[in-house]
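A.B. asks: Dropping a structure here in structure tokens format, bear with me for questions.
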Amino acid sequence: MELILLFFLAGVPYYIFLEKGFKKYIFFISAFLLILGLGTMLLFGLDCNQNKICIIFAILTSLFTTYKALKTTNIYKLTNYFIFINSPVYFLFSLEYFIFFTFSLLITLLGLYLIGYYYEKNYGSANFYSIGGLALEAPFVGFFLRIYLINLALYPPFPNAVFLFNSMLKDKLDFIWYTVIIVFFFGNFFVAMKILVNTVFGKANKNIFYVDLESKERLIHTALNVILLSVGIYGLTEVLK
């Protein structure tokens, strides 16, 4: 059963079957497989943190995915990569924190996916390489993208960082745990910061006419951020218990 979970959660279907014919909706397939894995763990009461082979394989997947994510300039692909960068924690977190971490991660990635849709609609593709300076040129996009990337970069007190901290406080730490923390923390951090520095705070491209989010889009992103705030507050209350 744990090998089946590894197949779903470590991106095996994505890299074998989906990446070559990549389409923007593949994020939802990856997210569904993650939810399916979570549901399987809940249904069978699985605790995978003792299976060192699965954890080591997930660490290798995380390292490989970090390399791929640092190379890509496509936001749709990044939404998939961020799922797989975090694959070690799915096997190491206690089930309680895995549920909330996964929920926070998927809400954040949904927001990032919608930013990709904004890019595609207004600039012709979801590639972010040549579009910088959003903080000034399209402030609403810059603001929401900043929130999503800071959460993915595991900055406290944002939800992803809070649930990592909770798990560090209450789970038994060993060499594998510290290895996972180093691998997935720096993977998330470097990928998110690369986009944040170059896209949100980078130099504006004078050859592009910048368009900010429409009112309906701002409302959707605001709702997603309210959900993230609520999850983060719950995580902080858990820390204080």
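A.B. asks: Which one of 97, 14, 81 is under 28 Å from residue 196 (Cα atoms), surrounded by 15 or more Cβ atoms within 10 Å (Cβ to Cβ) and at pLDDT below 85?
C.D. replies: 97
A.B. asks: Moving on to the next point. For residues that are over 15 Å from residue 212 (Cα atoms) and assigned to a helix (DSSP H, G or I), tally how many sit in the range 118-137.
C.D. replies: Looking only at that region, the number is 0.
A.B. asks: Something else about it: If the requirement is being outside any helix (DSSP H, G or I) and either of a type outside the set (A, V, I, L, M, F, W, C) or within 22 Å of residue 228 (Cβ to Cβ) (or both), which of these qualifies: 68, 20?
C.D. replies: Answer to the selection: 20.
A.B. asks: Being surrounded by fewer than 22 Cβ atoms within 10 Å (Cβ to Cβ), of a type in the set (S, T, N, Q) and closer than 24 Å to residue 221 by Cα narrows it down to one of 102, 73, so name that one.
C.D. replies: 73
A.B. asks: Give the range 94-138 a look and list any residue that's under 12 Å from residue 148 (Cβ atoms) and of a type in the set (Val, Ile, Thr), or say none.
C.D. replies: Hits for the range 94-138 are 107, 108, 115.
A.B. asks: Now, a different point. Looking at the range 105-138, which of the residues that are hydroxyl-bearing (Ser, Thr, Tyr) and surrounded by 18 or more Cβ atoms within 10 Å (Cβ to Cβ) is nearest to residue 231 (Cα to Cα)?
C.D. replies: Of everything passing the filter in the range 105-138, 108 is nearest to residue 231 (Cα to Cα).
A.B. asks: Restricting to the range 158-202, give me the number of residues that are surrounded by 15 or more Cβ atoms within 10 Å (Cβ to Cβ), farther than 22 Å from residue 107 by Cα and not β-branched (Val, Ile, Thr).
C.D. replies: 3
A.B. asks: Let me ask something else about it. For the range 95-118, check the following and say yes or no: at least one residue is more than 12 Å from the chain's Cα centre (by Cα) and small (Gly, Ala, Ser).
C.D. replies: The answer is yes, given that some residue of the range 95-118 is more than 12 Å from the chain's Cα centre (by Cα) and small (Gly, Ala, Ser).
A.B. asks: Does residue 141 satisfy being touching an Asp or Glu at 6+ places or on another chain (Cβ under 7 Å), more than 14 Å from residue 231 (Cβ to Cβ) and assigned to a helix (DSSP H, G or I)? Before you say what the answer is, go through the steps one by one.
C.D. replies: On the way: touching an Asp or Glu at 6+ places or on another chain (Cβ under 7 Å): yes; more than 14 Å from residue 231 (Cβ to Cβ): yes; assigned to a helix (DSSP H, G or I): yes.
It is true that residue 141 is touching an Asp or Glu at 6+ places or on another chain (Cβ under 7 Å), more than 14 Å from residue 231 (Cβ to Cβ) and assigned to a helix (DSSP H, G or I).
A.B. asks: Among the residues of the range 144-176, write down those that are assigned to a helix (DSSP H, G or I) and of a type in the set (Gly, Ala, Ser).
C.D. replies: Passing the criteria: 161, 167.
A.B. asks: Looking at the range 88-115, which of its residues are out of contact with any Asp or Glu (no Cβ under 8 Å at 6 or more places or on another chain), aliphatic (A, V, I, L, M) and over 30 Å from residue 132 (Cβ atoms)?
C.D. replies: Of everything in the range 88-115, those that are out of contact with any Asp or Glu (no Cβ under 8 Å at 6 or more places or on another chain), aliphatic (A, V, I, L, M) and over 30 Å from residue 132 (Cβ atoms) turn out to be 89, 99.
A.B. asks: Another question, then. Among the candidates 115, 107, 83, 99, single out the residue that is β-branched (Val, Ile, Thr) and either assigned to a loop (DSSP other than H, G, I, E, B) or in contact with a Ser or Thr (Cβ under 7 Å, 6 or more places away or on another chain) (or both).
C.D. replies: Exactly one of 115, 107, 83, 99 is β-branched (Val, Ile, Thr) and either assigned to a loop (DSSP other than H, G, I, E, B) or in contact with a Ser or Thr (Cβ under 7 Å, 6 or more places away or on another chain) (or both), namely 83.
A.B. asks: Suppose we filter 213, 219, 229, 224 for residues that are assigned to a helix (DSSP H, G or I), in contact (Cβ under 8 Å) with a residue 12 or more places away in the chain and of a type outside the set (D, E, K, R); which single one remains?
C.D. replies: Working: 213 fails: assigned to a helix (DSSP H, G or I); 219 fails: in contact (Cβ under 8 Å) with a residue 12 or more places away in the chain; 229 fails: in contact (Cβ under 8 Å) with a residue 12 or more places away in the chain.
Of 213, 219, 229, 224, the one residue that is assigned to a helix (DSSP H, G or I), in contact (Cβ under 8 Å) with a residue 12 or more places away in the chain and of a type outside the set (D, E, K, R) is 224.
The values are calculated or read from the model by the stated rules, or taken from the named source; none is laboratory data. Worth saying up front: this structure is predicted, and the values here are computed from it rather than measured. Note: ideal-geometry Cβ built from the backbone for every residue, glycine included; neighbour counts use all protein chains shown.
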